[in-house]
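Single-structure report; data block below.
The values are calculated or read from the model by the stated rules, or taken from the named source; none is laboratory data. Small disclaimer: the values here were computed from a predicted structure and weren't measured. For the accessible areas, the whole protein counts, side chains as well, though only heavy atoms, and no ligand, DNA or RNA atoms are used. Shrake-Rupley method; radii C 1.70, N 1.55, O 1.52, S 1.80 Å.
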Amino acid sequence: MTQVTQVTDHGGGVHSIKVPIPDNPLGHTLVHLVDTDRGPVLIDTGWDDPASWDTLTAGLTALGTSVTDVHGVVITHHHPDHHGLSGQVREASGAWLAMHEADTAIVRRTREAEPGTWLGYLARKLAAVGAPDDHLAPLLAARSRGRLRTLPGLRAALPDREIVPGELLDLAGRRLRAVWTPGHTPGHVCLHLEERHPAGLAGNGRLFSGDHLLPGISPHIGLYEDPDDTAVTDPLGDYLASLERIGRLGVAEVLPAHQHAFTDAGGRVQELLDHHEERLTGLLALLATPLTPWQLAERMEWNRPWEQIPHGSRSIAVSEAESHLRRLVKLGRAEAVAGSDPVTYISV
């Protein structure tokens with residue numbers, strides 16, 4: 001593997017470009033380029049930021065191509081560090097954009113939402129799970145000031161192609177199959193390059209894993225947020241089932257959207273399955289006493305003490321606590337306490 005500035009050659013007509021994410025501990029998104037007989041196809045595009053755009057275009061130039069040559073963009077999921085620059089790439093090149101329909105629906109809903117809808121929904125939802133007034137106050141203030149207009153994703157590009165699970169994508173001269181892996185988002189997809197590994201590694205091709213399978217991070221699994229949907233989803237259950245689906249592929253190498261490429265996908269899948277089982281077991285112990293989802297999040301183990309977690313990250317943490325609660329309830333290992341307001345849960 002050769003490294004030139006922010007570009008890595010993974011062999012077999014596959015490269016990655018490290019596109020920075022501004023002010024984010026993840027640091028960068030690995031945008032992958034796949035050579036095809038009709039021109040380069042990108043897997044994800046990176047955050048919508050001038051420095052990110054400059055890095056992406058410079059990386060393409062270093063690879064002997066240009067953003068104007070891009071034939072298509074395959075988006076693993078709708079988050080702004082993956083989909084942010086897709087519209088700009090399409091404007092420069094005329095490329096097609098492909099995404100799973102469940103995440104396309106989120107992009108469409110976000111674009112069409114009235115200013116303040118999301119912050120109002122979030123404030124009501126957090127109040128219902130026991131968030132204190134001092135956490136809700138900044139959300140309500142931001143809504144009254146119309147700050148929603150500045151949040152990422154509001155003008156995200158609408159895809160013009162649908163990624164259909166199980167089908168090969170239209171990449172001339174390549175075999176890239178979509179694998180639906182809901183959990184991190186409802187429409188997250190991994191992309192299985194069904195071709196012999198260029199270095200001859202044993203296994204069934206390579207996997208572009210997006211955020212689903214990362215070498216050293218457990219991706220955020222929160223609730224699927226939709227102000228208009230009353231369905232009781234189980235994102236953690238979806239994620240665990242998706243992990244097992246990926247484990248059965250037996251790929252030789254994983255090319256994730258963050259950190260670095262790695263082998264032994266099966267071993268990493270098992271680590272993540274074990275991690276979530278241990279976490280669920282730990283939450284059951286905490287739920288010996290009735291707790292609201294907010295109180296549960298306060299007591300869970302994070303990468304820093306609760307007092308040091310920033311405001312926005314607390315909302316994300318509570319959503320993750322809720323997704324674990326949903327899983328425990330579905331498994332019959334916890335239940336809501338009748339008549340509690342805000343709702344509390346207890347292990348059974």
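Points to keep in mind about this one:
- Beta bridges per DSSP with both ends in segment 29-186, % antiparallel, nearest 5: 35
- Exposure rank, largest accessible area first [Glu244, Glu253, Glu307, Glu194; 1.4 Å]: Glu307, Glu244, Glu194, Glu253
- Centroid-to-centroid separation of segment 43-71 and segment 89-127 [C-alpha atoms, Å]: 23
- Normalised size of the chain, defined as Cα radius of gyration per 2.2 N^0.38 Å with N residues, equals 1.02.
- Accessible area per residue for the chain is 44 Å², calculated with a 1.4 Å probe on protein heavy atoms, without ligands, DNA or RNA.
- Note that segment 275-282 has calculated 3J(HN,Hα) couplings of 4, 6, 5, 5, 5, 4, 4, x Hz, one per residue in order, obtained from phi through the Karplus relation 6.51 cos²θ - 1.76 cosθ + 1.60 (θ = phi - 60°); glycine and proline are x.
- Under the criterion of Cα pairs below 8 Å and six or more residues apart, the relative contact order for the chain equals 13 percent.
- Share antiparallel - DSSP beta bridges, the chain, percent rounded to 5: 70
- Fraction of accessible area attributable to carbon and sulfur, the chain (%, probe 1.4 Å): 50
- Most mobile of His78, His212, His197 in a GNM of the chain (Cα contacts under 10 Å): His197
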